[in-house]
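Taking it in order: structure first as structure tokens, then the write-up.
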Amino acid sequence: MAEIAKDRFKVIGKNTKSMESISRPNIGYWQDAWRRIRKNKIAFFSLCLISIYILLAIFAPMFSQYDYSTQSVDKMSQSPSSVHWFGTDALGRDLWVRAWMGARVSLTIGFAASIINALVGSIMGGISGFYGGKVDMLIQRVVDVLYGIPSMIVTILLMVVIGNGVHCLIIAMCMVGWIGSCRFVRGEVLKLRESDFVAAARILGVPDFVIIVKHILPNIMGLIITNLTMAIPGAIFQEAFLSYIGLGIKPPGCSWGVLAKEGIAQLRIHPYQVVIPAALICTTMLALNLLGDGLRDAFDPKLRGTE
């Protein structure tokens, strides 16, 4: 009878096993940031759009039967159709191929210049903020002098001196483009260099370079990536502007700025020739800015574990 009673009746109380279990999976910092990016629909859509643009820039010119520089007199200024998806320009060149060839150039310049600026700025800002004293004063005086000169004027002057082309444009944009990252990283390093984990590393005799690379920079890497994402649209627009005024990429080479310059002459008759590159520039810059906003929220340590 006692065994039957035990089977029928169960003691109801606190379920200590379920109470002691972890309700939220134990995931790392980067995994948690990626999870929040995926939950942010606008940021995730922007990331997908940028990825599609990059893939099209790589593969679309490769698998097209048309060349971006081949002219055809009998196909001048044809409207978009099933044969020419974006139509043709005033010289009969296929705009689909030229648009994605221009994307290859514009995105390469934008990403390369921004990444180099972020690397140089992070190194200079990390050294300046970590050591302080005379080193900080020397670096910041150089930064103050360069910061007082408009970056666009410096870039234009350098383009006049060193010439045109992708490499020349990247060099010109990197001469003063690292200043913003330097000032930003310096401010973050100044806050972290007095932390307990930095003091413990110094007591253990860890070299300064290792402290900067392995202990300080990883703690601000999320902010650096966010700042980098925000800087790429500015670099793309700067390239488009320089190419539009004739100081960037020269024809028959193409970029989005070159396509906009060539299409503006046909604005009244064939507006699609300027609308297409303008739309690509606008959507790319908007997507990168929205992605940067999403990354800023995803890397925010205050929001970790709140969702």
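Just a few scattered comments:
- The C-beta contact set for the range 188-208 (first residue within 24 Å of residue 121 (Cβ to Cβ) and part of a loop (DSSP other than H, G, I, E, B), second residue modelled with pLDDT of 85 or more and not hydrophobic (A, V, I, L, M, F, W, C), distance under 7 angstrom, 6+ apart or interchain) comprises 193/129.
- So residue 237, is it modelled with pLDDT of 85 or more, touching a helix residue (DSSP H, G or I) at 6+ places or on another chain (Cβ under 8 Å), open to solvent by 60 Å² or more (accessible area, probe 1.4 Å) and closer than 21 Å to residue 51 by Cα: yes
- Index of the failed condition, residue 172 passing every other in (1) surrounded by 14 or more Cβ atoms within 10 Å (Cβ to Cβ); (2) within 22 Å of residue 191 (Cα to Cα): (2)
- Subset tally (residues that are over 20 Å from residue 289 (Cβ atoms) and modelled with pLDDT of 85 or more) for the range 221-234: 0
- Among the residues of the range 272-290, those identified as over 20 Å from residue 85 (Cβ atoms) and open to solvent by 20 Å² or more (accessible area, probe 1.4 Å) are 285, 286, 289, 290.
- For the range 185-209, filtered to residues that are crowded, with 19+ Cβ neighbours inside 10 Å and under 24 Å from the mean Cα position of the chain (by Cα), the residue that is nearest to residue 107 (Cα to Cα) is 185.
- Set side by side, the residues 225, 269, 245, 212 differ, and just one is out of contact with any Ser or Thr (no Cβ under 9 Å at 6 or more places or on another chain) and open to solvent by 60 Å² or more (accessible area, probe 1.4 Å), which is 245.
- Restricting attention to the range 57-101, the residues that are closer than 23 Å to residue 240 by Cβ, part of a helix (DSSP H, G or I) and open to solvent by 30 Å² or more (accessible area, probe 1.4 Å) add up to 4.
- Residue within the range 246-254 that is at pLDDT below 85 and on the phi > 0 side of the Ramachandran plot present: yes
- Of residues in the range 143-162 being in contact (Cβ under 8 Å) with a residue 40 or more places away in the chain and out of contact with any helix residue (DSSP H, G or I) (no Cβ under 6 Å at 6 or more places or on another chain), the one surrounded by the fewest Cβ atoms within 10 Å (Cβ to Cβ): 160
The values are calculated or read from the model by the stated rules, or taken from the named source; none is laboratory data. These numbers were taken from a predicted model, which means no experiment stands behind them. All Cβ positions, glycine included, derive from the backbone under ideal geometry; neighbour counts span all protein chains shown. Accessible surface is based on the protein model in full, side chains and every heavy atom, while ligands, DNA and RNA are left aside. Shrake-Rupley method; radii C 1.70, N 1.55, O 1.52, S 1.80 Å.
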